[in-house]
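What follows is one structure encoded as structure tokens, with my remarks underneath.
The values are calculated or read from the model by the stated rules, or taken from the named source; none is laboratory data. Predicted, not measured: the structure shown is a model, and the values here were computed from it. Here the Cβ positions follow ideal geometry from the backbone for every residue, glycine too, while neighbour counts run over all protein chains shown.
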């Protein structure tokens, strides 16, 4: 695997190193030793699949707060997504900054999302499937989210949103001091 750190410290775009032959290719998509060597959370406890019928489906922006903060490894196994993460670590030098990576069945890239990053995506085509490996079990009491179009973040989405859940649509605009309070008062062990 080829690990490329993004502009957001601790978040990595990961490319497969494919061994091609007449049958196709073989590639490793997970190795605890390689993740640990890059200082990444190598704990995997749960895997999820998100199937999305329509282009323009937006899911996000989600995270779990302490004590159930989760790292994610995201890969698009069918179709394509514009995958967005926001650094919500108040002590980070990239606090409130976001990046996007296109993940698709063709490029086979993965995105490593550290703890305390909001994550979401918009589908770039119909019938898109996304596979998540999670570093923590889902805990509804720790679920938190910010709105995909909150002016605090200025995310530039490449597609019009055509499908979105009521929950994702109705997160309130974030007040910076309230956001910091939510994140800092959860007993988080924030990394710089």
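Brief remarks on what is shown
- Being surrounded by 13 or more Cβ atoms within 10 Å (Cβ to Cβ), over 12 Å from residue 84 (Cβ atoms) and either in contact with a helix residue (DSSP H, G or I) (Cβ under 7 Å, 6 or more places away or on another chain) or touching a residue at least 24 places away in the same chain (Cβ under 8 Å) (or both) is a description that does not apply to residue 146.
- Test result for residue 168, in a loop (DSSP other than H, G, I, E, B) and either at pLDDT 95 or above or under 19 Å from residue 85 (Cβ atoms) (or both): no
- Positions within region 45-68 being part of a loop (DSSP other than H, G, I, E, B) and at pLDDT 95 or above, in sequence order: 45, 53, 54, 55, 56
- Within the span defined as region 64-76, one or more residues are crowded, with 18+ Cβ neighbours inside 10 Å, over 10 Å from the mean Cα position of the chain (by Cα) and farther than 19 Å from residue 167 by Cβ.
- Cβ pairs under 8 Å, 6+ apart, first in region 37-61 and without any contact (Cβ under 8 Å) to a residue 60 or more places away in the chain, second assigned to a loop (DSSP other than H, G, I, E, B) and surrounded by 12 or more Cβ atoms within 10 Å (Cβ to Cβ): 39/10
- Residue 108 being touching a helix residue (DSSP H, G or I) at 6+ places or on another chain (Cβ under 8 Å), touching a residue at least 12 places away in the same chain (Cβ under 8 Å) and either buried (at least 18 other Cβ atoms within 10 Å of the Cβ) or over 16 Å from residue 61 (Cβ atoms) (or both): no
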